[in-house]
Amino acid sequence: MADAPSWAVDAGSPAVNASMAAASSSGGTAGEEIADRTSVITGKLKSIYRKVVLPVEKKYSYDYFYESPLLTDIEFDAKPQVLLIGQYSVGKTSFIRYLLGRDFPGQRIGPEPTTDRFTVLINGPEERTIPGNALSVHPDLPFRGLERFGVSFLSRFEGSQMPSSVLRSVTLVDTPGVLSGEKQRTNRGYDFTKVVAWFAERADLILLLFDAHKLDISDELKGAIDVLKGHEDKIRCILNKADQIDRQQLMRVYGALLWSLGKTMTSPEVARVYVGSFWQEPLKNLDNSELFEMEEKDLMKDLAVLPRQSAVRKINELVKRIRKVKTLAYIIGYLKSQMPNLMGKEKKQQKLIADLPNVFRTILKKYNLAPGDFPDITSFSSKLREVKFSEFSTLSQKQIDALDEVLNKDIPALMEELPSERDSPETLRAKMGGAIGANKNVSAMPVPKTGTKYGKAESYESNPFGYGQDDQDHYWALQESADRLLPSFEALGPEGGFLSTQKARDVLVKTGLSKDQLRQIWNLSDMDRDGLFDHDEYVVAMFLCDAVIQKGRPIPVEL
């Protein structure tokens, strides 16, 4: 599109007024609405857990058999967590520094195994490190369950507190580099895989990082990946330092990584792998710069929406836990029912443990349970050898019925409170306060705004007056309109930088144009055909609407 005519979009145009009306109908910010909705749902989940689930967990020793402590209110209220796992020197700490846009207390970066402890990055008014023992008893942080791993672990656990707009939305967990070769024989002093399993259960997103030059999956890394079973939906893989190899090598390395992951991760689905160089330094090889830039944007978008998905994740995790609790109750109740009243208890117990696969099959068929809800048979049988079946509690059908009611009625009712595609504009506004917006901290995610990292010339931000018409590669006739429209776009609450289809549609409908006109405008504006509006597409749509409304201009066939 060439020169913008004199009737180019301005702040008081009909299209912008319609946009602002849609944004302001909520009466509050998008971030506040999300926080309020999440806190309401969290409160109901806490009530369900305390009244229905917790008594069953205590009765059938869920914390013992699954090595998962009973939940506290703090864990329900916790911010979304991102867990980073990988071998040493794959760039985990550098990736965190890149996200935060700055160094953080206790940071250690180097080619050798520098991070020798689990580090939790949290938001706070001042920069400081918090020792693990103090962190585990902090009343406002969800790390009390780590006390079970003992002083040897807590001495290798620390918190890194700093004021950060990113950490206001999420908590980041950096892990020690997974050891390989002879180093695996080093005694850490605690069970690394069990600690990883503890964090994985509570994480919203798990990032598995790999170095393009170190694709071997060591025994310890395989053990760490194995304990992630059941959390496949949270896992994202990152092939880091990919700028250090050329295009042909990258194709081979990518294929080799997928092959290795396929042998290690039991899931039949192919893992999502982000490829690139995830730190602030310029790319060493520009062969794949466009690919790396798109991959990084996708990953940052994945991270940016975490605060919005917090309520759904909490529901999802509680449902998984309830299903496991219910299955455990059936198993313990069945084992108790098979025990004799007087003689031969020990002999019968040994026989049941030896025949545990058949016991599981019997319970599965009898109660119509899912195989995926059963515990790992090897670890479960070892736990059974340490207890007496005669001391088990009998099955309480009343408690089972209460769990079923939670799964069949209470949880679906909670899901109804979340926005869905079936909602009309009216019910959507009622649920979300009138705006479909992202957390206001999302924009603080440090996605590179200049193109220098990807071998491009300095972007618009480097010159406060923009580009001239003679710079055909960068000049945009609507740039001034885009600057003026930015506040109205942000007021609509874009999610990860995009307006949803419903929100964009509502804005266009409020302009008063006919359905046919809006259809043409949508086709011209939605340039990538993804059904969403980014800022540029929104500007084009507003420009076209005002061209028709203010000047009666015909809608062009193409831009």
Hits in region 509-540 (condition: open to solvent by less than 10 Å² (accessible area, probe 1.4 Å), touching a residue at least 40 places away in the same chain (Cβ under 8 Å) and in contact with a Phe, Trp or Tyr (Cβ under 7 Å, 6 or more places away or on another chain)) = Y538
message = Just to check your reading of the model, which residue among P69, P139, P131 is without any contact (Cβ under 8 Å) to a residue 60 or more places away in the chain and open to solvent by 10 Å² or more (accessible area, probe 1.4 Å)?
response = P131
message = Against the conditions (1) under 20 Å from R117 (Cβ atoms); (2) surrounded by fewer than 16 Cβ atoms within 10 Å (Cβ to Cβ); (3) free of Cβ contacts under 8 Å to residues at least 60 places away in the same chain, where does Q248 fall short? Just the number, please.
response = (1)
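Each row is one residue, and each column tells you yes or no for (1) of a type in the set (V, I, T); (2) at pLDDT below 90; (3) out of contact with any strand residue (DSSP E or B) (no Cβ under 8 Å at 6 or more places or on another chain).
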residue: L364; (1), (2), (3): no, no, yes
residue: F380; (1), (2), (3): no, no, yes
residue: A402; (1), (2), (3): no, no, yes
residue: E405; (1), (2), (3): no, no, yes
residue: K409; (1), (2), (3): no, no, yes
residue: L414; (1), (2), (3): no, yes, yes
residue: D423; (1), (2), (3): no, yes, yes
residue: I436; (1), (2), (3): yes, yes, no
ask   = Would it be correct to say that L303 is without any contact (Cβ under 8 Å) to a residue 24 or more places away in the chain, part of a helix (DSSP H, G or I) and of a type outside the set (D, E)?
value = no
request  = Find the residue count for region 384-419, including only residues that are closer than 30 Å to A311 by Cβ and among the hydrophobic types (A, V, I, L, M, F, W, C).
outcome  = 10
ask   = Can you name every residue in region 276-303 that is out of contact with any Lys or Arg (no Cβ under 8 Å at 6 or more places or on another chain), open to solvent by 20 Å² or more (accessible area, probe 1.4 Å) and closer than 16 Å to P80 by Cα?
value = K301
remark   = Of the candidates E293, E346, the one satisfying the condition of being without any contact (Cβ under 8 Å) to a residue 24 or more places away in the chain and of a type in the set (D, E, K, R) is E346
query = Could you list, in sequence order, the residues of region 304-341 that are modelled with pLDDT under 85 and open to solvent by less than 40 Å² (accessible area, probe 1.4 Å)?
reply = A304, V305, L306, P307, R308, S310, A311
note = The lone condition V387 fails out of (1) open to solvent by less than 40 Å² (accessible area, probe 1.4 Å); (2) in a helix (DSSP H, G or I) is (2)
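The values are calculated or read from the model by the stated rules, or taken from the named source; none is laboratory data. Small disclaimer: the values here were computed from a predicted structure and weren't measured. As a convention, Cβ positions derive from the backbone with ideal geometry for all residues, glycine included, and neighbour counts pool all protein chains shown. Side chains included, ligands, DNA and RNA excluded: accessible areas come from the protein's heavy atoms. Shrake-Rupley method; radii C 1.70, N 1.55, O 1.52, S 1.80 Å.
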